[in-house]
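Okay, structure first, notes after.
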Amino acid sequence: MSHASISNSLAIVHPISLSHGRNAEVWDSTGKRYIDFVGGIGVLNLGHCHPRIVEAVREQAGRLTHSAFNAVPHEGYVQLMEALARFVPVSYPLSGMLTNSGAEAAENALKSVRAATGRSAVIAFDGGFHGRTLATLNLNGKVAPYKQKVGTLPGPVYHLPYPSADNGVSREQALAAMERLFSVEIDQAEVACFIVEPIQGEGGFQALDAAFAQDLRQFCDRHGIVLIIDEVQSGFGRSGQRFAFSRLGIEPDLLLLGKSIAGGLPLGAVVGRRELMDALPRGGLGGTYSGNPLACAAALASLTEMSDANLATWGELQAGTIEARYQRWQGEPWAPLLGRLTGVGAMRGIELRSADGGPGSERLAALLGSAREQGLLLMPSGKARHIIRLLAPLTCERERLEEGFDILERCLAGLA
Ligand SMILES: Cc1ncc(COP(=O)(O)O)c(C=O)c1O
């Protein structure tokens, strides 16, 4: 898909143009209907045009559409930060700031951590994704296309293997790589922070090994290193809980938020320990639009919907449906094209294999097209783009979910 007025450096997964949506359904400008398992890449945990969010934005638009918080504060920002302090399950009082995006949250976390520790090195993970700004690019554990042609990136940044039952990398392998890193590459006393996704999104919906996460927490505590957990994609119920770090038995020092925080309005946040968030001089954090009143109103409405009971019910329905289908498919003649079912809760990926057992990147490319033709929108992930990432709204009705999986099943059978 190419438009004279739009940069060709944007890669479009689905060459259609949407007109409107409702929960897990969208319609394009020709009137064709699709079941949406992309959900704005994890933004729409509450679906398209959730009535409570639409109403909150409408009401807010009639009162105050904008105030730059660091010039003239407004109620919505304060209310949202207070709501987040209650919603994020950590044992310390939460402090932070709002941003426009996930990458901006990561950028501001890096700045705060540098100021607080006086150190600048960052340890990130293979397959991780943290954004497309200059500093976050270097954190990503994948070169093409993100780090190509952009020259020298801000550093120093080092990467470790990401241990997960979903990719076959063990806790011991990751610990050995860590030992090597600190004996060959850099003194741990120069490391400002680790940044890690508890479940990798772009990397293929791989869940971090919990024992390794606890090793990491202890290592950070011993060496005065900040642990940043990036829940931009895994947060707000996708894992079946408010946040995926809860399943690891650890707490972050800083937590990055975005995507489903505000039901489709652009918003992110970096929250965590007050002493880290206060480390920069006054004026060191801020932004014209960050924490815009419309986005804050949408986020407050979203949080109200995300009760633990709702999240558990939605997570169980999605996880149950996905697991049941995947199990049933094992008996199909085309089962050999399926690899692992990755992830946890409603954050699940299905690996595709090629005929010779390698990553099924070409099969997934074909599947995206055939599913779209039959009315299902899917998203790829993984280094080789061979893992289907399932991001249906958590509020997706059972019938829509089954309808989507019926289409997926037909298309998988058609690939064999
Ligand atoms: C884990 C994670 N962190 C950060 C980002 C960057 O967020 P944004 O695209 O809002 O800048 C993403 C986006 O996909 C993400 O998945």
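Checked against the criterion of being touching a Pro at 6+ places or on another chain (Cβ under 9 Å) and outside any loop (DSSP other than H, G, I, E, B), segment 146-160 contains not a single residue that satisfies it. Among the residues of segment 134-163, those identified as in contact (Cβ under 8 Å) with a residue 40 or more places away in the chain and touching a helix residue (DSSP H, G or I) at 6+ places or on another chain (Cβ under 9 Å) are Leu139, Tyr162, Pro163.
Among the residues of segment 120-132, what is the count of those that are assigned to a loop (DSSP other than H, G, I, E, B) and open to solvent by less than 50 Å² (accessible area, probe 1.4 Å)?
First pass over segment 120-132, keeping only residues assigned to a loop (DSSP other than H, G, I, E, B): 120, 126-132.
If we keep only those that are open to solvent by less than 50 Å² (accessible area, probe 1.4 Å) as well, we get 120, 127-131.
Residues flagged as assigned to a loop (DSSP other than H, G, I, E, B) and open to solvent by less than 50 Å² (accessible area, probe 1.4 Å) within segment 120-132 amount to 6.
The single residue among Ile261, Ile250, Ile228 that is in the same structural domain as Ala144 (by TED's automatic domain parsing), among the hydrophobic types (A, V, I, L, M, F, W, C) and assigned to a strand (DSSP E or B) turns out to be Ile228.
Listed here are the residues, each with its yes/no results for (1) away from the ligand (no atom under 15 Å from the Cβ); (2) at negative phi.
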residue: Phe245; (1), (2): no, yes
residue: Gly249; (1), (2): yes, no
residue: Gly263; (1), (2): no, no
residue: Pro266; (1), (2): no, yes
residue: Gly272; (1), (2): yes, no
residue: Glu275; (1), (2): yes, yes
residue: Gly284; (1), (2): yes, yes
residue: Tyr289; (1), (2): no, yes
residue: Thr304; (1), (2): yes, yes
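Does Leu317 fit the bill of being more than 20 Å from the chain's Cα centre (by Cα) and crowded, with 22+ Cβ neighbours inside 10 Å? Spelling it out, it is not the case that Leu317 is more than 20 Å from the chain's Cα centre (by Cα) and crowded, with 22+ Cβ neighbours inside 10 Å.
Within segment 229-244, residues that are open to solvent by 10 Å² or more (accessible area, probe 1.4 Å) have Cβ atoms under 9 Å from residues that are within 9 Å of the ligand (Cβ to nearest atom) and among the basic types (Lys, Arg) in these pairs: Val232/Lys259; Gln233/Lys259, counting only partners at least 6 apart in sequence or on another chain.
Restricting segment 361-388 to residues that are without any contact (Cβ under 8 Å) to a residue 40 or more places away in the chain and over 23 Å from the mean Cα position of the chain (by Cα), the residue that is nearest to Pro15 (Cα to Cα) is Gly369.
Residue by residue, here is whether (1) at pLDDT 95 or above; (2) open to solvent by 20 Å² or more (accessible area, probe 1.4 Å) holds:
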site	(1), (2)
Ser2	no, yes
Val13	yes, yes
His20	yes, yes
Phe37	yes, no
Asn45	yes, no
Ala61	yes, yes
Pro73	yes, yes
Arg86	yes, yes
Met97	yes, no
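Meeting the requirement of 1 or more residues that are of a type in the set (Val, Ile, Thr), the strands (runs of 3 or more DSSP E) wholly within segment 1-119 are 25-28, 33-36, 94-99.
Would you say Arg389 is among the charged types (D, E, K, R), assigned to a helix (DSSP H, G or I) and either modelled with pLDDT of 95 or more or assigned by TED's automatic domain parsing to the domain that holds Ala244 (or both)?
Details: among the charged types (D, E, K, R): yes; assigned to a helix (DSSP H, G or I): no; either modelled with pLDDT of 95 or more or assigned by TED's automatic domain parsing to the domain that holds Ala244 (or both): yes.
No, not satisfied.
On the basis of being modelled with pLDDT under 95 and within 24 Å of Gln206 (Cα to Cα), does Asp253 make the cut? In short, no.
Checking each residue in segment 142-199 for being within 19 Å of the chain's Cα centre (by Cα) and β-branched (Val, Ile, Thr) picks out Val143, Ile195, Val196, Ile199.
Please determine whether any residue of segment 393-400 is surrounded by fewer than 17 Cβ atoms within 10 Å (Cβ to Cβ), out of contact with any strand residue (DSSP E or B) (no Cβ under 6 Å at 6 or more places or on another chain) and touching a residue at least 60 places away in the same chain (Cβ under 8 Å).
Going residue by residue through segment 393-400, those that are surrounded by fewer than 17 Cβ atoms within 10 Å (Cβ to Cβ) are 397-399.
Then keep just the ones that are out of contact with any strand residue (DSSP E or B) (no Cβ under 6 Å at 6 or more places or on another chain); that gives 397-399.
Applying the additional criterion that residues be touching a residue at least 60 places away in the same chain (Cβ under 8 Å) yields 397-398.
Looking for residues that are surrounded by fewer than 17 Cβ atoms within 10 Å (Cβ to Cβ), out of contact with any strand residue (DSSP E or B) (no Cβ under 6 Å at 6 or more places or on another chain) and touching a residue at least 60 places away in the same chain (Cβ under 8 Å), one finds at least one in segment 393-400, hence yes.
Being within 16 Å of the ligand (Cβ to nearest atom) and part of a helix (DSSP H, G or I): is that true of Ala213 here? When the stated conditions are applied, Ala213 passes them.
The values are calculated or read from the model by the stated rules, or taken from the named source; none is laboratory data. Only a predicted model underlies this, so the values are computations on that prediction, with no experimental measurement involved. Positions of Cβ are backbone-derived with ideal geometry, glycine not excepted, and every protein chain shown enters the neighbour counts. These accessible areas exclude ligands, DNA and RNA; they are computed on the full protein's heavy atoms, side chains included. Shrake-Rupley method; radii C 1.70, N 1.55, O 1.52, S 1.80 Å.
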